[in-house]
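Notes follow the structure.
The values are calculated or read from the model by the stated rules, or taken from the named source; none is laboratory data. Owing to the predicted nature of the structure, the values given are computational and were not obtained by experimental measurement. All Cβ positions, even for glycine, are placed from backbone atoms using ideal geometry, and neighbour counts span all protein chains on display. Note: areas computed on protein heavy atoms with side chains; ligands, DNA, RNA excluded. Shrake-Rupley method; radii C 1.70, N 1.55, O 1.52, S 1.80 Å.
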Amino acid sequence: MPDVVSLIRTKRDNARSLTAAEIGWLFGAYAAGEVADEQMAALLMAIYFNGLDDAELRAWTGEMIASGETLDLASLGKPSVDKHSTGGVGDKVSLILAPLVASCGAVVPQLSGRGLGHTGGTLDKLESIPGWRASLTSAELNAVLAGAGAVIAAAGAGLAPADRRLYALRDVTGTVESIPLIASSIMSKKIAEGTSALVLDVKTGSGAFMKDRDKAVELARTMVDLGEEHGVRTRALVTRMDTPLGRAVGNALEVEESVSALTGQGPDDLMEVTFALAGQMLALAGIDADPREAITSGRALDTYRRMIRAQGGDPDAPLPQAEHRREALPAPSDGWLTRLDALAVGVAAWRLGAGRARKEDDVSHAAGVRCLAKPGDYVRAGQNMLELRADDPARFAPALDALADAATIGGEPPPAVPLVVQEVGR
Ligand code: URA
């Protein structure tokens, strides 16, 4: 029988690969309380430094999936396809994409987590809609999918529970930023969710988890391989996250912008990413439909309204409004806005109250940032480029600190660059 200290030493010294049997034993012993958190944390750090090879990663992910239940969506009788984003600033694409793709004939089971740090969580955004509920039982989840075709809900505690424990350990031991650990964490939850196809939006740039493009491509490839090996048709788009997506950053502000997008009024950059991902999702689901037509015909908006109502929300209710608003970031000169840094705006929105620092924190639904100017816009000296919103005016000063070097003004318009930098598939 393996013992955990030998496994830690083996990984620490990069002596050889761990076998599938050893990894299976480890997960069983950890679940049974025979391996302590500090031992698992030491192993995670060894993996952070020495990685996992393909066979180890397959076994590791398989154990995470097998640690809990797997959902079965086959009874819905339609192709299922989901999307996952590694998280960006102003990234409200899921809110538009799930009803959009469902309105074209797929079922979209989006089981999500909450936001942590400077990127917002989809559930936090939707919770700004009065009455909307993120936590559904399996029966409710199936009923929403059957009625609306799309559901966005909290991943239940039964789905890949080993990931919950490991993620909590990684969070407090500096071992989150490891490609095999991120890939197995994301993919175990998506595979357990039962979707037949999956499109990944892997962000790269200043506001992304993976700032470096090569690393983002490596993460995308790793996740695509894992999905395909587990029978999920998987593709990834690596997309730029150097500036906020759209003009709204913050929970209710992003819901408002998503609804505008579903009525055909979405900002160009947001729609570019949305349509690129929709095209991939429909192709993987084998559906020949035009996502633009789903918007112009009003079908996507109808599906969104049905999805919100099916989860107790009132799509017509007024959204929370912040009590305090303040314009900020005056342009230092006339010229073209060539850079509006995603990370700075994301941190400002977070400090205004839109995000949480610890899992147990509450978020403000009304707080956030509106971009009054975006890269490519011409601005005049003194013109404010952002509007900040908060429930508590004491939050403005720390948000302004985050914005000290957020923008650059140039004499020429910035070059137009496509947001999709690479497509990764098998
Ligand atoms: N999101 C996840 O679900 N897991 C990670 O490890 C990182 C981001």
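Below, the figures for the structure above:
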quantity: Length released on extending from Asp302 to Asp391, taking residue separation times 0.36 nm less the Cα-Cα span; calculated: 28.9 nm
quantity: Which listed pairs, of Lys78/Lys203; Lys190/Lys374; Lys125/Lys215; Lys190/Lys359; Lys125/Lys374, have C-alpha distances above 26 Å, in listed order; calculated: Lys78/Lys203; Lys190/Lys374; Lys125/Lys215
quantity: Amide H contacts under 5 Å for Leu200, placed H, 5+ residues apart; calculated: His84, Arg235, Ala236, Leu237
quantity: Distance between modelled label sites at Asp314 and Arg16, nm, 7 Å Cα→Cβ extension; calculated: 6.6 nm
quantity: 5 angstrom amide H check on Leu319, placed H, neighbours 5+ away; calculated: none
quantity: Phi-based couplings in Hz for segment 233-250 (Karplus 6.51, -1.76, 1.60; Gly and Pro marked x); calculated: 5, 10, 9, 9, 10, 8, 10, 5, 9, 9, 9, x, 7, x, 10, 10, 10, x
quantity: Convex hull projection area averaged over all views, the chain, Cα basis, nm²; calculated: 20.4 nm²
quantity: Antiparallel DSSP beta bridges within the chain, percent to nearest 5; calculated: 50 percent
quantity: Scaled radius of gyration (Cα, divided by 2.2 N^0.38 Å) that segment 280-327 gives; calculated: 1.70
quantity: Rounded, prolate or oblate (a/c below 1.5 giving rounded, otherwise prolate when a/b exceeds b/c) for segment 74-310 by Cα gyration tensor; calculated: rounded
quantity: Segment 271-426 - percent of accessible surface contributed by carbon and sulfur, probe 1.4 Å; calculated: 49 percent
quantity: Helix-derived mean residue ellipticity, 222 nm - over the chain, DSSP H n ≥ 4, -39500 (n - 2.57), to 500; calculated: -13000 deg cm²/dmol
quantity: Nonlocal amide H pairs with Ala150, under 5 Å, H built at 1.01 Å; calculated: Val108
quantity: Probe 1.4 Å, accessible area per residue of the chain, Å²; calculated: 40 Å²
quantity: Sequence-separation-based contact order of segment 142-287, relative, with Cα cut under 8 Å and 6+ spacing, percent; calculated: 20 percent
quantity: The chain - percent relative contact order, Cα under 8 Å, separation 6 or more; calculated: 20 percent
quantity: Karplus-derived HN-Hα couplings along segment 73-80 (A = 6.51, B = -1.76, C = 1.60, θ = phi - 60°), whole Hz, x at Gly and Pro; calculated: 9, 4, 5, 6, x, 9, x, 9
quantity: Heavy-atom accessible surface of segment 4-50: percent carbon and sulfur, 1.4 Å; calculated: 53 percent
quantity: Per-residue HN-Hα couplings for segment 151-156 [Karplus 6.51, -1.76, 1.60; θ = phi - 60°; Hz; x = Gly/Pro]; calculated: 9, 10, 8, 6, 5, x
quantity: Distance between modelled label sites at Ser138 and Arg380, nm, 7 Å Cα→Cβ extension; calculated: 6.2 nm
quantity: Point-to-point label distance, Ala146-Gln321, nm (Cα→Cβ direction, 7 Å offset); calculated: 4.1 nm
